[in-house]
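Structure record follows, encoded as structure tokens.
Every number in this text was worked out from the coordinates using simple rules, so none of it is lab data. Please read all numbers here as calculations on a predicted model, not as lab measurements. Here Cβ is always computed from backbone atoms with ideal geometry, including for glycine, and neighbour counts include all displayed protein chains.
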Amino acid sequence: MIDELIRKYGKYMGGINYEKVLNDLMGEEDILREMERRLIGIETGPQIDHRKMRDLERRRLILKYVELKNQELRSLELIKELKLRGYTKTEITKAVKKLRKIRRQMRQIRQELKSISENVQP
């Protein structure tokens, strides 16, 4: 009904571009239809592949774990070097605290990897 009024009397409405108004109305209708579909439960967007997401997350965690393992080895070497050179206990303590932090992060990553592996569905 509105479409017919706009088409019939649009040219007499004082410079209003009635084609643009019609296009805007059509765009609003499309948006409303999309919202209705989502509310009803029809998924129209891109589907998420949960298996790929788990694999990507697992790879990210493994890479982080390998990096932390390398940091752990460097920290152990540093602690050994500090002890050999006769540095004070406080200077060695800083390196030990850093090593503990690295190992804590490694434990967290192992737990996350374990939980991801347990949640894998066949």
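Computed on the Cα trace of region 50-118, the radius of gyration divided by the Kirkwood hydrodynamic radius gives Rg/Rh = 1.18. Here the relative contact order of region 50-118, from alpha carbon pairs under 8 Å that lie six or more residues apart, stands at 47 percent.
Measuring between alpha carbons in the structure, the pairs from Lys83/Lys114; Lys69/Lys89; Lys20/Lys52; Lys52/Lys80 lying more than 32 angstrom apart are Lys83/Lys114; Lys20/Lys52; Lys52/Lys80. Model label sites at Leu39 and Leu73, defined 7 Å from Cα along the beta-carbon direction, differ in position by 5.9 nm. The stretch between Ser117 and Lys83 holds 8.2 nm of extra length on full extension. This uses 0.36 nm per residue minus the Cα-Cα distance.
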